[in-house]
Each structure stands twice: as C-alpha cells, then as structure tokens.
Amino acid sequence: MSEIRIIKTYVEARLQNNENLKQSVVEAAANILQEHGPEAVTVRRVADTMACSTKIIYSLFGSKDGLAKYLYLEGCKLLAETFEAVPKQENLEQYFRDLGNAYWSFGLNYSSYYRMMFGGAISFKQDEESLQGSVTALQQVMNVLEEASKQELIKVEDLTLTTLKIWASLHGVIHLHLGGHFKPNEESARVVYDQVLSDLIRILFVGR
C-alpha cells in the first residue's frame with residue numbers, strides 16, 4: 001500500500017513558509033540581542049544579519065514594534081522554560097523560594113532579554129497576545145500559589161493580584177541591579193534579593 005501524502009494548498013504552504021521565515025528572523029534578532037544588547041536590535045541590523053532587505057522584515061512584522069513583540073514573546077517562553085525546569089517538590093514554601101531563585105538566574109543569564117522585556121530597553125505597545133505571554137511565563141508561580149492556597153498554607157483573595165505584587169517586588173531588585181545601582185559587585189544585590197524573597201515568604205505563608 002502506497003504512503004498517503006498530505007498535500008498543502010498554496011495558501012497553507014505560503015503561511016507555513018512565512019511562519020518559518022518569521023522564526024528565523026526572530027532567532028537572528030535574539031542573537032543580536034544577547035550578544036550586543038537591546039540597543040543594537042534595529043531592523044537594518046537584523047536585515048543585514050539575514051542578508052535580506054528591510055522591506056522583507058517590515059512585510060513580515062509590519063514595524064519594529066511587531067518584531068519587538070515577537071522578541072518579547074520569545075523571552076516569555078524562555079522565562080516559562082526556566083520556571084518549568086525547577087524540580088517540583090511537596091514543600092511548597094521551598095518550591096516557591098526555588099522559583100524565586102530561578103527568576104534571579106533568568107534576570108542575570110538573559111540580562112538583555114530581561115532589560116528588553118521588563119526594563120523598557122525596546123519599547124512597544126502591549127497587546128492581548130503579549131499580555132498573555134506574561135501570564136504564561138508566570139504560570140508556574142501562580143500554580144504554586146494556588147496549590148498553597150488550597151492547602152491553606154497561604155491566604156490569597158486575588159491570585160493574579162498577589163502574583164503581580166510578588167513579581168513587582170522581585171523585579172525591582174533585579175532592575176536596579178542591572179541598572180548598576182548595587183555597586184561594586186553582584187553580592188550586595190543578591191543579599192537584598194534574598195531578603196526580599198524571604199520577606200515575601202514570611203508574609204505569604206500562614207503562621208510564619
């Protein structure tokens with residue numbers, strides 16, 4: 001019996017090719033971002049890296065904002081993967097601390113992404129898709145808080161609001177550190193971060 005081949009229509013094939021090309025462009029932009037920082041990510045430089053015209057980049061993304069949004073979503077994916085790589089454990093308080101430590105590592109290991117995503121290094125207008133990307137990135141944190149609430153380890157009236165408050169507190173330390181406000185070394189920033197994380201745990205978890 002001969003193998004049945006799935007035939008794509010012209011429109012389907014073209015859409016698939018466009019998506020593949022978009023992904024290649026985003027990867028090129030991501031490389032520039034990581035190697036040279038957010039300021040180096042321009043449509044011209046990405047086009048030069050891809051050996052194509054800027055017109056092609058604009059046709060795929062509409063504008064630099066469009067490309068920035070795709071980079072943001074790529075960063076959200078990396079952050080989600082960073083959280084997902086943290087081993088799950090029954091001790092939810094320790095699991096929460098481990099996720100906090102993973103967020104610190106993401107901020108330092110992907111500092112260019114971090115400054116682009118949360119530091120305004122590449123500004124773009126947030127839309128529903130990019131906002132959902134943030135939710136996806138923080139899903140593991142929300143899952144831990146939800147489970148801890150079910151086990152009556154913490155008291156949470158609004159899960160989303162609590163997650164945002166935690167995010168804002170931890171982000172503040174990383175953002176200041178990346179901005180050079182904890183000189184002369186990383187150690188003082190880490191001390192402050194660990195204290196903020198411990199304070200959050202003490203406030204969140206019942207009876208602490």
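Bear in mind these aren't lab numbers, they're just calculated from the coordinates by the rules spelled out. Since this is a predicted model, take the numbers as computed values, not measurements. All Cβ positions, glycine included, derive from the backbone under ideal geometry; neighbour counts span all protein chains shown.
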Point to revise | Distance histogram in 10 Å bins (all Cα pairs of the range 77-122, percent per bin) | key: 27, 47, 21, 5
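Over the range 72-204, what is the mean sequence separation of C-alpha contacts under 8 Å (at least six apart), divided by residue count, expressed as relative contact order in percent?
On the way: 95 pairs, mean separation 38.1, N = 133.
Here the relative contact order equals 29 percent.
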Revision key, fill the gap. Taking every alpha carbon pair in the range 112-208 and sorting the distances into 10 angstrom bins from 0 up to the bin holding the longest one, the percent per bin comes out as 14, 38, 33, 15, 1
Revision key, fill the gap. For the range 23-104, using Cα atoms only, the Rg and Dmax in Å read 16.9, 53
Check your understanding: For the residue pair Asn91 and Lys55, what label-to-label distance in nm results when each label sits 7 Å from Cα along the Cα-to-beta-carbon direction?
Key -> 6.2
Review point. Where does the chain land on Rg(C-alpha)/(2.2 N^0.38 Å)?
Key: 1.23
